[in-house]
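The values are calculated or read from the model by the stated rules, or taken from the named source; none is laboratory data. Note that the structure is a prediction, hence the values are computed from the model and not measured. We place every Cβ from the backbone using ideal geometry, glycine too, and count neighbours over all the protein chains shown. With ligands, DNA and RNA removed, areas are computed over all heavy atoms of the protein, side chains included. Shrake-Rupley method; radii C 1.70, N 1.55, O 1.52, S 1.80 Å.
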Amino acid sequence: MNVPLLDLVAQYRAIRDSVLPAVQAVIESQQFVMGPAVAQLELEIARLARAQHGIACASGTDALLLPLKALQLRPGDEVITTPFTFFATAGTIHNAGGTPVFVDIEPDTFNLDPARVAAAVTPRTRAVVPVHLYGQMAALERLLPMPARGLPIVEDAAQALGARRRVDGQWRLAGELGWVTAFSFYPSKNLGAWGDGGMMVTSDAGVAERLRKLRLHGGAKQYHHDEVGTNSRLDTLQAAVLLAKLPHLAGWSARRREHAAYYTQALAGLAPVTTPAVDGCNEHIFHQYTVRVERRDALQAHLKSKGIGTAVYYPVPLHLQNCFSHLGYKRGAFPEAERAAAEVLSLPVYPELSRDQLDYVIEAIRGFYR
Ligand SMILES: *Cc1c(COP(=O)(O)O)cnc(C)c1O
């Protein structure tokens, strides 16, 4: 049997009849950039995240970069984030002119530890960028004193579209509580385009207007530039694909949750494997199903030999990346992030997986530790 980490062809086969006509309609219109489907998608994603404004852009990376640029960081300005995330989270802080300041994660959820964030704030701190890693929201309510102290929260929700968390007895969506939230439509994300794409959502009308300008070279009126922005538009074709896929998203995330529950139950008694902890306040969307394991690299090789795809997200914490050596962090600076990087393994959890495939993965893991 073959169990890839992700099978986008299976998804495509299931939805082609609704997506292809939408793509064809864009081709017939020949409006390839920022056509009507883009505005429609902005409305739909903002509604899904319970935010007032959606601003589409070219990638999840740009959806982080543009709000950070809107902060007009000066040299030495600090932005607090996690070292255990995809590179873009910290790369965009650097590219917006700021200095990433890393803070260790909570070992159970892999998300930024709010107590450590509070301790890392200095007079130079300008923002905090929590990441909702693997599809589980960070404890945002514990970071919410930050806006009161003048520190905006930019949510990296690239992996968490539709994830939610109970705060004071109420469900809050990823994108509802932050100042600006970044989503990615990279093809492997839970809602994936047929290429790159991203979306910013916010309920701050002022920053929404600035983000709209920043993605169009800083001008609201053509050929009149208020500040220097960039070209970060979303293709109409991508918006049409995403709109056609959007009605399936909740069902897909529910299937991922079912698969996750099945794995967790089946692997519960297996000592060398620690299944993902879901914070009782969270509804996880399982962009990734990530276990901690003993002898991780050997297990990964074993699963590969059985035709099972897995991945390590992420093998090198960002404070140890060569490009950030000038920041002066040493090995040992963030023990939880470093331990996670050595132990995590993401298993296939995409919606179209069959029960037989899940059983095959479970049996292969059991076999390895037998
Ligand atoms: C995917 C991802 C991004 C970047 O999104 P792109 O669309 O690939 O640019 C940023 N942060 C996290 C946590 C991601 O997973």
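Side notes on the structure shown:
- When the chain is treated as a Gaussian network with alpha carbon springs shorter than 10 Å, the biggest mean-square fluctuation among Met137, Met200, Met146 belongs to Met146.
- Among 52-64, 329-341, the order from most to least packed when residues are scored by Cβ within 10 Å on average: 52-64, 329-341
- Extension gain for Lys306-Asn2 works out to 108.7 nm (0.36 nm per residue, less the C-alpha to C-alpha distance).
- Counting protein heavy atoms only, the chain has 52 percent of its accessible area on carbon and sulfur, 1.4 angstrom probe.
- Fluctuation leader among Glu258, Glu343, Glu227 - the chain, Gaussian network, Cα springs under 10 angstrom: Glu227
- Placing a label point 7 Å from the Cα of Arg47 along the Cα-to-Cβ direction, the residues of the stretch 149-181 whose backbone N falls under 20 Å of that point are 161-164, 171-177, 181.
- Shape of the chain from the C-alpha gyration tensor: oblate (a/c of 1.5 or more and a/b not above b/c, with a ≥ b ≥ c the square roots of its eigenvalues).
- Using a Förster distance of 30 Å, the FRET efficiency for Arg366-Gln321 (Cβ separation, nearest 0.05): 0.30
- Computed 3J(HN,Hα) for the stretch 194-204, one whole-Hz value per residue from the Karplus formula 6.51 cos²θ - 1.76 cosθ + 1.60 where θ = phi - 60°, is 9, x, 8, x, x, 8, 9, 10, 7, 10, 9, glycine and proline marked x.
- Where the stretch 248-369 is the region considered: accessible area per residue in Å², 1.4 Å probe: 44 Å²
- With DNA, RNA and ligands ignored, accessible area of Lys306 (1.4 Å probe; Å², nearest 10): 90 Å²
- Heavy-atom accessible area ranking, 1.4 Å probe, most first, across Arg50, Arg296, Arg255: Arg50, Arg255, Arg296
- Taking the DSSP bridge list for the stretch 8-247 and keeping only pairs wholly inside it, about 60 percent are antiparallel.
- Cut-off under 5 Å, modelled amide H: who pairs with Ala193 long-range: Tyr186
- Sorting Thr89, Thr274, Thr99 by solvent-accessible area of protein heavy atoms yields Thr274, Thr99, Thr89, largest first, with a 1.4 Å probe.
- Build a GNM of the chain with springs between Cα atoms under 10 Å apart, and of Ala268, Ala193, Ala277 the one that fluctuates most is Ala268.
- Across the stretch 301-309, coupling constants 3J(HN,Hα) worked out from phi with the 6.51/-1.76/1.60 Karplus curve, θ = phi - 60°, read 5, 4, 5, 4, 5, 9, x, 10, x Hz, and Gly and Pro carry x.
- Sequence-distant lysines (8 or more away, or on other chains) whose Cα lies within less than 20 Å of Lys213: Lys69, Lys221
- As a calculated quantity, the FRET efficiency between Ser188 and Arg233 at R0 = 25 Å, using C-beta atoms, amounts to about 0.70.
- Here the Karplus relation 6.51 cos²θ - 1.76 cosθ + 1.60, evaluated at θ = phi - 60°, turns the backbone of the stretch 13-19 into coupling constants of 4, 6, 10, 4, 5, 8, 7 Hz, with x for every Gly and Pro.
- In the stretch 248-369, Cα pairs under 8 Å separated by at least six residues give a relative contact order of 34 percent.
- Cβ-defined net charge surrounding Asp77, 9 Å radius [Lys, Arg +1; Asp, Glu -1]: +2
- Debye, to nearest 20: dipole size of the chain, +1 on Lys, Arg Cβ, -1 on Asp, Glu Cβ: 180 debye
- The gain in end-to-end length when the Arg166 to Val33 segment is fully stretched comes to 44.1 nm, 0.36 nm per residue minus the alpha carbon separation.
- Near the amide H of Thr125, within less than 5 Å, lie the amide hydrogens of Glu78, all on another chain or at least 5 residues away, with H placed in the peptide plane.
- Solvent exposure of the stretch 8-247 as accessible area per residue, Å², 1.4 Å probe: 40 Å²
- Note on exposure: Phe86, Phe185, Phe32 ranked by accessible area (1.4 Å probe, complete protein assembly) read Phe86, Phe32, Phe185, with the most exposed listed first.
- Interchain or long-range residues, amide H under 5 Å from Ala56's placed H: Met200
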